[in-house]
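Take a look at the structure set out below.
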Amino acid sequence: MGILSNTTALCQFRVAGDLPAGDLYPWIAENLAKQAFEPIDHGAAEQSTGWVHLDDHRQMSFDVPAAFWRDHYAVFTLRRDQRKLPAALLKAYLQVAEHEYLSANPGLNRVPKQKREELKEAVRANLLAKTLPVPSAWDAVWDTRTGIVSFTSLSAPIIELFETQFKKTFEGARLVAIHPYARAEALVGAELKPSLERANLATSEAAIDLIRSNQWLGWDFLLWLLHRTMTESSEYRVNQAGPALADDRFVAYLNDRLVLMSAGEAGTQKITVAGPQDHFREARTALANGKRITEATLYLEKDEHLWKMTLKGELFHFASLKAPKVTVEKGETVDERSEREAAFYERMFVLDEGLQLFDSLFATFLELRLGSGWGSELTRIEGWLEE
């Protein structure tokens, strides 16, 4: 599910560190070229990782702007090719090699340990040379105006691979995850920053501590939004910068699926409430019994446009993000490259607008959660759960 797919996944980072002053294009081009993907089709290497073009994963040259530059966006794809050997296959061929070795050395009852390791490496190399590498690819979009990078995988190992490759490629720069607390810091106004700092339960500035110690942000946000979905108006106003105009109206609500969890002496308990919901009775019972919403399907509507996503409450990752559809025209009279670029800009417009609506929704919650009115709001929510 790439960035241009109708449904994708997104996690976001902010670029930190020492970046060159002025135009970033030549610096990004040079560094992408140094860490470009190198094919392993005709060798026996087990793995290769590097950068390729967004539009064509077979292209790995970054010597022209069209390869990766789109106005203020730098776009590139992380490609990893891997050869994988089933353990059973390696074991079977190793047994054959050991049998042949013992046949050639009748004085031995078993293969010496060192020789066995040599045979294993030889068999492994031989099988790898006969195995085709399996390619995988994940897109990255770097908005050089805001310094935000969007990446299309939510897998922890793949995210770690991307962070490592980014740091290796762009020396002096690093990626800082935009987790709930980091997003809150970026959204609240100066008058609420002291309240946010007081509410911060982390004891260090380490990202993992800020995430784990401030899970209340995701829990309270999803609880508040569920209560608003069922009891009050689901209409909100745009209050963050982006493609949509300030004060534009939009609708936000939860539906279809909630994941709730609780941790106790018996271990972690998890329930999933799925299907269209009229009253969320099962979810309300679970919440009244101490469970927390950790994941939910969120809908955002503005004019005739709809965004649907699964929000991961702990990290604010966006899974199965479906934005208004963007189509690529095809035909003999259509310039394919220009059409792909136009589709990219349109796609980024609708994604940026959807994230702008989400940030506006989260900022609305933060204003209440960090202000003086949260106590009475929480009382109303608890009363609703007890009904």
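The values are calculated or read from the model by the stated rules, or taken from the named source; none is laboratory data. These numbers come from a predicted model, not from an experiment. Glycine gets a Cβ as well: all are built from the backbone with ideal geometry, and neighbour counts include every protein chain shown. The protein model used for the area step is the full one, side chains on, heavy atoms only, and it has no ligands, DNA or RNA in it. Shrake-Rupley method; radii C 1.70, N 1.55, O 1.52, S 1.80 Å.
With a cut-off of 9 Å between beta carbons, the residues surrounding PRO135 carry a summed charge of +1, where Lys and Arg count +1 and Asp and Glu -1. With protein chains left intact and a 1.4 Å probe, residues in the stretch 239-310 average 56 Å² of accessible area per residue. Among residues other than VAL15 with Cβ under 15 Å from its Cβ, the summed charge is +1 (Lys and Arg +1, Asp and Glu -1).
Taking P(r) over Cα pairs in 20 Å bins from 0, in percent straight from the coordinates, which label in [x] 25, 42, 25, 9, 1; [y] 27, 56, 15, 1; [z] 23, 47, 24, 6, 0 is the correct one? Of the labelled values, this structure produces [z]. From helices alone, the chain scores -12500 deg cm²/dmol at 222 nm; the rule is -39500 (n - 2.57) for each run of n ≥ 4 DSSP H residues, then divide by the residue total. Counting only Cα atoms, the stretch 38-124 measures 72, 22, 18 Å along its principal axes, largest extent leading. Looking at the stretch 38-173, the accessible area is 56 square angstrom per residue; that uses a 1.4 Å probe and ignores ligands, DNA and RNA. Sparse packing (at most 15 other Cβ atoms within 10 Å of the Cβ) combined with a DSSP loop state is found for the following trypsin sites (Lys or Arg not before Pro) in the stretch 317-387: LYS325, LYS330.
Among residues other than LEU311 with Cβ under 14 Å from its Cβ, the summed charge is +1 (Lys and Arg +1, Asp and Glu -1). Computed in the context of the full set of protein chains, the accessible area of the chain at 1.4 Å probe radius has 49% of its extent on carbon or sulfur. Angle of helix 336-369 to the longest C-alpha principal axis of the chain, folded into 0 to 90 degrees and rounded to 10: 50°. Kindly express, to the nearest 10 degrees and within the range 0 to 90, the angle between helix 216-231's C-alpha long axis and the longest C-alpha principal axis of the chain. Tilt relative to the chain: about 50 degrees.
In a DSSP loop and with at most 11 other Cβ atoms within 10 Å, the GluC sites (Glu not before Pro) in the stretch 185-229 are GLU191, GLU205. With every protein chain in place and a 1.4 angstrom probe, the accessible-area ranking of HIS72, HIS179, largest first, reads HIS72, HIS179. Enclosing the Cα atoms of the stretch 243-313 in their convex hull gives a volume equal to 118 cubic angstrom per residue. Were the residues from GLU205 through LEU132 laid out at 0.36 nm apart, the gain over their Cα-Cα distance would be 21.9 nm. Efficiency by 1/(1 + (r/R0)^6): what FRET value for ALA87 and SER61, r their Cβ-Cβ distance, R0 = 45 Å, to the nearest 0.05? Once the sixth-power term is evaluated, E becomes 0.75.
The angle between the Cα long axis of helix 87-104 and the main principal axis of the chain comes to about 20°, on a 0 to 90 degree scale. Just LEU368, LEU226, LEU78 to compare: in a GNM of the chain, with alpha carbon springs under 10 Å, which one fluctuates most? Highest fluctuation of the listed residues: LEU368. For the pair ALA288 and LYS34, label points projected 7 Å from Cα toward Cβ lie 6.2 nm apart. If R0 is taken as 30 Å, the Cβ-Cβ distance between GLU341 and LYS168 corresponds to a FRET efficiency of 0.60.
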